[in-house]
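The values are calculated or read from the model by the stated rules, or taken from the named source; none is laboratory data. This one's a predicted model, so the numbers in the text were calculated from it and none came from an experiment. Glycine also receives a Cβ, built like all others from the backbone with ideal geometry; neighbour counts cover every protein chain displayed.
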There are 2 protein chains.
Amino acid sequence: MNIKLIVAYQGTHYLGWQKTPMGPTIEGVLEKAVSQILQHTVKLQAASRTDAGVHAEGQVVNFFTEINLDFKRFQKSLNSLLPKDISILDIKKMPDHFHPTLASQGKVYEYSICLGPVQLPFQRLVSWHVFYSCDLHKMQQGALFLVGQHDFSAFTNQKQANNIREIYTMEIESVNGGLKIRVKGNNFLYKMVRNVVGTLVYVGCGKLSPFDLLDLLASKDRTRAGVTAPAHGLTLKNVLYEPLY
Amino acid sequence: MNIKLIVAYQGTHYLGWQKTPMGPTIEGVLEKAVSQILQHTVKLQAASRTDAGVHAEGQVVNFFTEINLDFKRFQKSLNSLLPKDISILDIKKMPDHFHPTLASQGKVYEYSICLGPVQLPFQRLVSWHVFYSCDLHKMQQGALFLVGQHDFSAFTNQKQANNIREIYTMEIESVNGGLKIRVKGNNFLYKMVRNVVGTLVYVGCGKLSPFDLLDLLASKDRTRAGVTAPAHGLTLKNVLYEPLY
């Protein structure tokens, strides 16, 4: 049986999704809990291997088991066993061929920024504190140049053979004296969302003009783009699938 | 010079506002930081001595100093020195007779509840996880009986000579699959807000009827009211003063 989990987590205390001997990871903790309940080893696959410190509200994970599960009970057991910063929001049986990454049609990420001299304590673990003010309109203008299909070499810290990706939409809105940047795309390069955010903040505070982003894309030169925005402002909101899944 | 601070904090890692030798408190940490910058001992007074685990977005604190402060610089130094879960939002010079408790005309508290089987990890430190569903309409009906001037003996864990207090308004709204309860009152007895919330949850899940609250008030019997809602769902939103302050 192919089981799909929708998982939410606060990434603060983890070294990201993927298992490493260096310390606790979401994959490690979740795999151990599932295996403990099912009394057999499982291998998890996730739609996104989120970086250390990144959060998720709708990570999609699957695993296989021969056990006939009572889903409601299994979810309750799993949530009781897991630490409070990881929650299973939903469990569903999928067709055997379902794979969370291969079946995915895209992902939605949200980045939170707190602007101004003081950050509210409640936001410190989930938003980037940018001390200066940002011009929202210029950032929105800049974002328009990044929407669509482009070679995003200038926005990744680890180039691949093919760096062409598509950003479907990017919305930037002003929320409680800060900003929310919501990016929907088909697939993202390593650290691409955080590099896009860092570059848009450069545009917002006047270090780059919105039009510079055109040159930047064309240059394929990472050193000309903005900083990598810190991990703790980023949240994987949800993964997009065909209505079938 | 009488200096007023507006302070926000996440109470999770503190034993409340008031200093105790048992462990870290907001008062202790803040007093130490202010004294360190001013190079003389200060004595803080706060509008509300919040309990262990309770948060604040607008705690009002004052202290006296003879030093002529550059407020902007002092705020920056203080925020740099303080741990990230305590922030100074504002600093202002007040008339010498201003006292944060004595001058206060009331306080606004907000209580957050997460309803249903699963709590999002981001909410775990700032909202009470109530596993069952609650009838919002009944809770709103019950709340109406508590608004106004009453003897709140049934809602305090520590009776005083005079237990008559006034709740100005109480609003309960449904937010993201949970509830927000906002209480504005002239003054509150020890644990009164949390006892009111716990009792309203009893009403919401049918353990008490809204009309039982009338009897409960009249009985002055704490054992007949609901549980004390946990501290971590409670936030001091702001303290009310005459427009003068």
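Before moving on, here are some points about what is shown:
- Just one of the listed residues (B:V183, B:V196) is part of a strand (DSSP E or B) and either within 16 Å of the chain's Cα centre (by Cα) or not assigned by TED's automatic domain parsing to the domain that holds B:V130 (or both), namely B:V183.
- Failed item, numbered, when A:F64 is tested on (1) touching a strand residue (DSSP E or B) at 6+ places or on another chain (Cβ under 9 Å); (2) over 16 Å from A:P100 (Cα atoms): (2)
- Matching residues in segment B:82-109 - criterion: being within 14 Å of another protein chain (Cβ to nearest Cβ) and surrounded by 15 or more Cβ atoms within 10 Å (Cβ to Cβ): B:L82, B:P83, B:D85, B:I86, B:S87, B:I88, B:L89, B:I91
- Selected residue (criterion: nearest to the chain's Cα centre (by Cα)) from residues of segment B:53-69 that are within 14 Å of chain A (Cβ to nearest Cβ) and not in a strand (DSSP E or B): B:V54
- The C-beta contact set for segment A:150-173 (first residue farther than 17 Å from A:Y109 by Cβ, second residue assigned to a loop (DSSP other than H, G, I, E, B) and among the aliphatic types (A, V, I, L, M), distance under 9 angstrom, 6+ apart or interchain) comprises A:S153/A:L189; A:A154/A:A225; A:Q158/A:L189; A:K159/A:L189; A:Q160/A:L189; A:N163/A:L189.
- Looking across segment A:110-138, the residues that are assigned to a loop (DSSP other than H, G, I, E, B), over 18 Å from B:Q75 (Cα atoms) and either free of Cβ contacts under 8 Å to residues at least 40 places away in the same chain or within 12 Å of another protein chain (Cβ to nearest Cβ) (or both) come down to A:L125, A:V126, A:S127.
- Verdict on B:K107 being among the charged types (D, E, K, R) and either under 23 Å from B:G58 (Cβ atoms) or under 19 Å from the mean Cα position of the chain (by Cα) (or both): yes
- Any chance B:K76 is within 18 Å of B:E31 (Cα to Cα) and within 14 Å of chain A (Cβ to nearest Cβ): yes
- Tally of residues being surrounded by fewer than 16 Cβ atoms within 10 Å (Cβ to Cβ) and under 30 Å from A:I113 (Cα atoms) across segment A:50-72: 0
- Selection from segment A:166-182 of residues that are among the β-branched types (V, I, T) and either modelled with pLDDT under 95 or in contact with an Asp or Glu (Cβ under 8 Å, 6 or more places away or on another chain) (or both): A:V175, A:I181
- Selection count, segment A:3-47, where residues are within 14 Å of chain B (Cβ to nearest Cβ), crowded, with 21+ Cβ neighbours inside 10 Å and assigned to a helix (DSSP H, G or I): 3
- Meets criteria (part of a helix (DSSP H, G or I), more than 19 Å from A:V203 (Cβ to Cβ) and of a type in the set (S, T, Y)) for A:S77: yes
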